[in-house]
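Written below as structure tokens is the structure these notes are about.
The values are calculated or read from the model by the stated rules, or taken from the named source; none is laboratory data. These numbers come from a predicted model, not from an experiment. All Cβ positions, glycine included, derive from the backbone under ideal geometry; neighbour counts span all protein chains shown. Side chains included, ligands, DNA and RNA excluded: accessible areas come from the protein's heavy atoms. Shrake-Rupley method; radii C 1.70, N 1.55, O 1.52, S 1.80 Å.
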Amino acid sequence: MNPEVEARFERIEAILARVANRQESEAEHIAMLLEDAKTRNADIEGLIEQARLLNEHARSAKEERDQDAQNIRALARIAEAH
């Protein structure tokens, strides 16, 4: 085989090897990014659940406060009547 052709094939093989290594590296990087995204999604879902629970507690506390206010007004009316 012609030495120039052989040299060219060797350069092409070297380039293909570098491309394959780069693809493998990029695939590993993408896998790491996907795993990180899954972790972040789980964190966000946890935060959303915590916010939902806090809203429920706040709503419950408001209802209790409103009931207490009604009871206090009722007691004040009873006190005024006596």
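Before moving on, here are some points about what is shown:
- For the residues E49, E63, the requirement of being acidic (D, E), at pLDDT 95 or above and open to solvent by less than 80 Å² (accessible area, probe 1.4 Å) singles out E49.
- Where a residue in region 22-35 is open to solvent by less than 90 Å² (accessible area, probe 1.4 Å) and its partner, wherever it lies, is polar (S, T, N, Q), with Cβ under 7 Å and at least six apart: none
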